[in-house]
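The values are calculated or read from the model by the stated rules, or taken from the named source; none is laboratory data. This structure is a prediction, so every number in the text was calculated from the model and none was measured. Please note: Cβ atoms are built from the backbone with ideal geometry, for glycine as well, and neighbour counts cover all protein chains shown. For the accessible areas, the whole protein counts, side chains as well, though only heavy atoms, and no ligand, DNA or RNA atoms are used. Shrake-Rupley method; radii C 1.70, N 1.55, O 1.52, S 1.80 Å.
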Amino acid sequence: MTETAQKKVSTLPGGGSLRIYMNGALVPKEQAVVSVFDHGLLYGDGVFEGIRAYNGRVFRLKEHLDRLYRSARAIVLDIGMTPAEMAGAVLETLRANGLRDAYIRLVVTRGVGDLGLDPKKCPQPTVFIIADKIALYPKECYTQGLEVNTVSTRRNSSQALNPNIKSLNYLNNILAKIEAGLSGAREAIMLSLEGYVAECTGDNLFYLKGNRLVTPPPSAGALEGITRGAVLDLAPALGLMTEEKLFTPFELYTADEVFLTGTAAEVIPVVKIDARSIGDGKPGAQTRRLITAFHTLTQRDGVEI
Ligand code: PXG
């Protein structure tokens, strides 16, 4: 961290209130407010990213920003900043808060407009970046594994709202999460309209059969997750063959191992699906190797804060 960044943190008003990046300025969190006329709130019209910093480095920042700008382009939203400027804003927010291990939520909304949904009435996007301490999943989720259930809420059809747009419209995923909770599971497995496994509500999904590591393709409704990408990169060095293919819950029920990946969860074992034990009902050996390899990667890779 630089001298100036340290000074900034020590002079925070209000005894160290979190500083939020808000449309070009770093403001105390009490002042980081969005208008009730913002179309991000009125219509879920906007895009976002969830990013992590480990050990003073932002993990796969370029990949996250590439996805953000792809999502924005897909909804014809001009962010009004270059990716380089956005990267600078992320790093500045981390420095201002003296954070080396953090969760970063980057949000770009259509901006303030009137009560009609016409995006042309929103001249200026709203850009804000929250960087805060990361709230980790309970340790036993990793040591004992998760129980997840398939749900009846299907993943959005790409013909209606492409799931590869990381938009502020998460009601599809939230409904699935509610359904999972009502059925006693922590997470939901969502299927495509055709009945293929897509992903979980905020995580991608993998299964292992022998040395084959399989995950659904984006065409099944899976977000191109950054953690998913990292795991696909790490797998060959662990002697695993990777494959993206369409599959149904049958393949999960009969898999040797299943795990989820996501920025918040990292790599997390699944031991039960729809009340069926997966493999021997314990976190699998390959999954544990991938968890270790992923941790090593996060400590080493990334853009320095
Ligand atoms: N699928 C969906 C629908 C997601 O929203 C992932 C998969 C995993 O992608 P990454 O790039 O993170 O490996 C996501 C990401 C949250 C939260 O607060 C959700 C995500 C990311 C960060 C935080 O629940 N979703």
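Can you tell me how many residues within segment 90-107 are within 16 Å of the ligand (Cβ to nearest atom) and touching a Phe, Trp or Tyr at 6+ places or on another chain (Cβ under 7 Å)?
4
What number of residues within segment 246-293 are in a helix (DSSP H, G or I), within 16 Å of the ligand (Cβ to nearest atom) and of a type in the set (Gly, Ala, Ser)?
1
Can you list the helices (runs of 4 or more DSSP H) found entirely within segment 16-127 that contain at least 2 residues being without any contact (Cβ under 8 Å) to a residue 60 or more places away in the chain? Even if it seems obvious, please write down each step before you answer.
Values: elements: 39-43, 61-74, 83-96.
Ranges flagged: 61-74, 83-96.
The rows are residues; the columns are (1) farther than 22 Å from Ile226 by Cα; (2) at pLDDT below 95.
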| residue | (1), (2) |
| --- | --- |
| Thr109 | no, no |
| Lys120 | yes, no |
| Asn149 | yes, no |
| Ser152 | yes, no |
| Ser158 | no, yes |
| Lys166 | no, no |
| Leu182 | yes, no |
| Leu193 | yes, no |
| Phe206 | no, no |
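If you go through segment 206-221, how many residues are of a type in the set (A, V, I, L, M, F, W, C) and more than 10 Å from Lys245 (Cβ to Cβ)?
Residues that pass the stated criteria total 3.
Got at least one residue in segment 276-296 being touching a Phe, Trp or Tyr at 6+ places or on another chain (Cβ under 6 Å), among the aromatic types (Phe, Trp, Tyr) and open to solvent by less than 30 Å² (accessible area, probe 1.4 Å)?
no
Considering each of Thr227, Thr248, Thr254 in turn, give the residue that is open to solvent by 30 Å² or more (accessible area, probe 1.4 Å), hydroxyl-bearing (Ser, Thr, Tyr) and under 23 Å from Asn162 (Cβ atoms).
Among Thr227, Thr248, Thr254, only Thr248 is open to solvent by 30 Å² or more (accessible area, probe 1.4 Å), hydroxyl-bearing (Ser, Thr, Tyr) and under 23 Å from Asn162 (Cβ atoms).
Being among the aromatic types (Phe, Trp, Tyr), under 22 Å from the mean Cα position of the chain (by Cα) and modelled with pLDDT of 95 or more is the requirement here; does Phe48 meet it?
Judged against the criteria, Phe48 is a match.
In this structure, does Val303 turn out to be within 15 Å of the ligand (Cβ to nearest atom) and either in the same structural domain as Ala102 (by TED's automatic domain parsing) or surrounded by 14 or more Cβ atoms within 10 Å (Cβ to Cβ) (or both)?
no
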